[in-house]
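J.: Just passing along the structure, written as structure tokens.
The values are calculated or read from the model by the stated rules, or taken from the named source; none is laboratory data. The structure displayed is predicted, hence computed values, not measured ones. In this analysis, Cβ positions are derived from the backbone assuming ideal geometry, glycine residues included, and neighbour counts consider all displayed protein chains. For the accessible areas, the whole protein counts, side chains as well, though only heavy atoms, and no ligand, DNA or RNA atoms are used. Shrake-Rupley method; radii C 1.70, N 1.55, O 1.52, S 1.80 Å.
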Amino acid sequence: MKPFLNVPFLPEERYIDFLIECAEDLDSVHFSLMHSQALDSRVQMEPPAGQEQIISGLERLHGPRKYALLNSRFYTPELLTDARSIKPIIQTLEQLLDRGVVHGIVYCDHYLLQVLADEAPALAARLEAVPSVNSMLDSHGKIEAQLAYIRDTGFQVPGKIILDRSLNRDLDALAKLALQVHQHFPEVQLEVLANEGCLPYCPFKLAHDSYIALANIEGKDQTHSLNCDIGCMRLLDEHPHRLLQSPFIRPEDIDLYLYHVNTIKLCGRTLGPDFLMNVIRAYRARRYDGNLLDLMDAMSWLANRLYVDNRMLSFDFANILSQCDNRCESCGFCEELFDSISHPLPLALHDLRTTPLDGAGAHE
């Protein structure tokens, strides 16, 4: 079987050792540049790793393609208009290319893509420009336009497109779009994001991405308190059954999607190597006999409070949810199913502490 997973890369020795063991199933890895500035779609919680540590770790991992994350929703105008500000990013990417440890960048802000191309056209010509999942590409027209805009910059056309997570819950639409893309752009592979665990058609999504970008610019994160008080965490706390509506893909269901797409993306890089190794094992095995929430990135905060028995979800779960019309008030299916497969967990002392949720819902 061809490699089918795109997973986060962390510059930690034991995690790299684990990825080497899994290399036959790894199509690609994605990683933060860990520059002095936070340039991706996660709030930077810890001091960045050294550049040499990242590069030497990537050099150990042979086979998977490697993508640097420059996927923040937006950047400061100074970064985009002052050549001195963008120069360190260009130098870092050139260093990665010279060492053979990057194939492309994942981006969200097209202004950044254009300024990189303007300031370093030779660099752009050597890198794929992959639109972030937060570009929300869910139609052939959007994909066709995005590829044309990428060509205009001088970056390489991406080897893959990451589709919007909403298609995970509409298999007919996914199948139709996949057929169109494979016919019109046979050189471009398709990928879906499996374990984000965000709300369906999340009403907070665009604003949340922006607050994360703002937090990284200002160095002050308030996304956790916003989500607890007035956002997605409050909604799920009040209506936990709605987590079943989230467009996640269980390990047991990935072959249903691999019939239409080429690769499955896994996220959760800010949750550490233990979380990631558990998730990767489950998706490689196509089975998880535990708490479904142990696999979810944006819903990880619920895992110590709630047990959702993944084994009790039926084999046709993905097909059933794909027929959802989002008219919860007249259905009740998710609430009844949730009550039958879940139970609250005892509250441990460490659960009383507030743990920041770094970028839930903005995952990449």
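J.: Could you list, in sequence order, the residues of region 112-145 that are within 28 Å of L174 (Cα to Cα), of a type in the set (A, V, I, L, M) and open to solvent by less than 10 Å² (accessible area, probe 1.4 Å)?
T.: L113, L127, A129, V130, V133, L137, I143
Here's the yes/no breakdown for (1) over 20 Å from L167 (Cβ atoms); (2) of a type in the set (S, T, N, Q):
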{"position": "N262", "(1), (2)": "no, yes"}
{"position": "L266", "(1), (2)": "no, no"}
{"position": "G272", "(1), (2)": "yes, no"}
{"position": "F275", "(1), (2)": "yes, no"}
{"position": "M296", "(1), (2)": "no, no"}
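J.: If you take the residues in region 295-316 that are under 22 Å from C232 (Cα atoms) and touching an Asp or Glu at 6+ places or on another chain (Cβ under 6 Å), which one is most open to solvent (accessible area, probe 1.4 Å)?
T.: N304
J.: So for region 262-269 (the condition being basic (K, R), touching a residue at least 60 places away in the same chain (Cβ under 8 Å), open to solvent by less than 10 Å² (accessible area, probe 1.4 Å) and touching a helix residue (DSSP H, G or I) at 6+ places or on another chain (Cβ under 8 Å)), does at least one residue qualify?
T.: The answer is yes; a qualifying residue exists.
J.: Could you check region 317-339 and list, in sequence order, the residues that are outside any loop (DSSP other than H, G, I, E, B), of a type outside the set (F, W, Y) and open to solvent by less than 70 Å² (accessible area, probe 1.4 Å)?
T.: A318, I320, L321, S322, C328, C334, L337
J.: What number of residues in region 329-364 are modelled with pLDDT of 85 or more and either among the polar types (S, T, N, Q) or touching an Asp or Glu at 6+ places or on another chain (Cβ under 6 Å) (or both)?
T.: The number of residues fulfilling the criteria is 3.
J.: Modelled with pLDDT of 95 or more and over 21 Å from V279 (Cβ atoms): is that true of A178 in this structure?
T.: yes
J.: Can you pull out the residues in region 146-166 that are touching a residue at least 60 places away in the same chain (Cβ under 8 Å) and buried (at least 21 other Cβ atoms within 10 Å of the Cβ)?
T.: K160, I162, L163, R165
J.: Please verify whether N195 is touching a residue at least 40 places away in the same chain (Cβ under 8 Å) and either assigned to a helix (DSSP H, G or I) or open to solvent by 50 Å² or more (accessible area, probe 1.4 Å) (or both), treating the condition exactly as stated.
T.: no
J.: Of a type in the set (G, A, S), over 24 Å from V261 (Cβ atoms) and open to solvent by less than 40 Å² (accessible area, probe 1.4 Å): is that true of A173 in this structure?
T.: Spelling it out, it is not the case that A173 is of a type in the set (G, A, S), over 24 Å from V261 (Cβ atoms) and open to solvent by less than 40 Å² (accessible area, probe 1.4 Å).
J.: Using the structure shown, decide if A207 is open to solvent by less than 10 Å² (accessible area, probe 1.4 Å), modelled with pLDDT of 95 or more and hydrophobic (A, V, I, L, M, F, W, C).
T.: When the stated conditions are applied, A207 does not pass them.
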